[in-house]
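Just below is one structure, and these are the notes that go with it.
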Amino acid sequence: SGHLYAYPGMMNGSVLDSFVESTQQDCKLLSATGSVHWEWFYGWQQAFDRYFPEYATSGEDSQDSNLRVKSLFGTDVPYNLPTNVIWTDHFIALDGDVIVFKPREWRGTTKMESLFLLSTII
């Protein structure tokens, strides 16, 4: 979940920069290139505007550019509400080979017939 269980779409400035750098270092330590991303249902556009692009640009000049975060797996909070971003596919590709995967309702094993809940299921 990044460096912490947090909602980075709500972060700005040096706090956001520190979170991105710490997440990059955590993933480097684990030889991982993906991270789970938690966001409040109303904060996804902010994450796409400010947070996700940080991964498209961070680490480009370093020797460890292959060990930087390249995929983020979305988790919507609360999971059964739609995000404020329109997903035209199961993922959104950003510049710099970063992929953000659409959140889905992953709790439980039965299909829900409610259109309200189906809007977040892949």
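Laboratory data are not the source of any read-out in this text; all were calculated from the coordinates shown. Worth saying up front: this structure is predicted, and the values here are computed from it rather than measured. In this analysis, Cβ positions are derived from the backbone assuming ideal geometry, glycine residues included, and neighbour counts consider all displayed protein chains.
How much length would be gained if the chain were fully extended between residue 10 and residue 79, taking 0.36 nm per residue of separation minus their Cα-Cα distance, in nm to one decimal? Walk me through the numbers before you get to the answer.
Values: separation 69, 0.36 × 69 = 24.84 nm, distance 1.76 nm.
So the extension gain works out to 23.1 nm.
Under 10 Å from the Cβ of residue 16, count the other residues' Cβ atoms, weight Lys and Arg +1, Asp and Glu -1, and hand me the total.
Working: positive: 50; negative: 17, 21, 54.
Its environment carries a net charge of -2.
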| request: May I ask you to list the chymotrypsin sites (Phe, Trp or Tyr not before Pro) in region 1-44 that are in a DSSP loop and have at most 11 other Cβ atoms within 10 Å of their Cβ? | output: 5
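Sum up the charges of everything whose Cβ sits under 15 Å from the Cβ of residue 85, counting Lys and Arg as +1 and Asp and Glu as -1, but leave residue 85 out. Working shown, then result.
Numbers: positive: 50, 102, 104; negative: 39, 49, 76, 89.
Cβ neighbours under 15 Å give a net charge of -1.
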| In region 8-61, GluC sites (Glu not before Pro) in a DSSP loop with at most 16 other beta-carbon atoms within 10 Å | 60
| message | Quick check: Cα centre of region 84-104 to Cα centre of region 1-35, how many Å? | response | 18
